[in-house]
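The values are calculated or read from the model by the stated rules, or taken from the named source; none is laboratory data. Note that the coordinates shown come from a computational prediction; the quantities given were computed from them, not determined experimentally. Reconstructed Cβ throughout: ideal geometry from the backbone, glycine too, with neighbour counts over all protein chains shown.
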Amino acid sequence: MFSSQLLLVWSYSSLQVDVGEKQLMITATGHILESSSMLPRSLTIDLSFSKILKNPPQVFIQTQYMDWKQDLPGGFILQVSFINTKGFKIIVIAVSPQPLYQVFVNWFAFDDPRIQVLSFETEDVQQLKTGQGNRIMSYQIGHDLKDASNGVIGIIGIKHIALDKSMVEFKVIL
């Protein structure tokens, strides 16, 4: 799945692109997201590109794996910041007092004005907290690419606030 996302970017041979993967924190190492229950708490990780790029790129991240204590609520948010030609920072933010053990991400960086990385965050989940059975929430995410015909979507955070047979289902319909 992740490699097919890269084909969209790599199809333009003149682009400067860099890719990587990173385990942001390791279980049982005593990092603040695991050892503390204080809110807010976060961990900042510096990531370097494999080469120096000509221009500061856009960076797309995709959560590959996450692990937190099974008590509720639980979860995290990822943010990319301080992007320059040598690398960037990923900030992992705990969204509950529960321990967050590890998060593993894939990322790719690119400099192409035809492609835009958008971030969207909401905590408006009232519709999901009421009623029974399947519930659907729709959101519109704006962009300024007039001829956009392709998209890549990644989850960069989740907050699990209720226990319903331990199932959370997430679907994206384009």
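Which residues, taken from the stretch 42-62, are surrounded by 17 or more Cβ atoms within 10 Å (Cβ to Cβ) and in contact with a Leu (Cβ under 7 Å, 6 or more places away or on another chain)?
Answer for the stretch 42-62, where residues must be surrounded by 17 or more Cβ atoms within 10 Å (Cβ to Cβ) and in contact with a Leu (Cβ under 7 Å, 6 or more places away or on another chain): LEU43, ILE61.
For the stretch 108-118, does any single residue satisfy the condition of being among the small types (Gly, Ala, Ser), exposed (fewer than 14 other Cβ atoms within 10 Å of the Cβ) and farther than 18 Å from ILE32 by Cβ?
No.
Restricting the search to the stretch 68-104, which residues are in a strand (DSSP E or B), of a type in the set (A, V, I, L, M) and surrounded by fewer than 20 Cβ atoms within 10 Å (Cβ to Cβ)?
Looking only at the stretch 68-104, we keep the residues that are in a strand (DSSP E or B), and these are 68, 74-81, 87-94, 100-104.
Still in the running and of a type in the set (A, V, I, L, M): 77-78, 80, 90-94, 100, 103.
Across the stretch 68-104, the qualifying residues are ILE77, ILE91, ILE93.
If SER138 passes every condition in (1) surrounded by 12 or more Cβ atoms within 10 Å (Cβ to Cβ); (2) among the small types (Gly, Ala, Ser); (3) modelled with pLDDT of 65 or more but one, which one does it miss?
Failing condition for SER138: (1).
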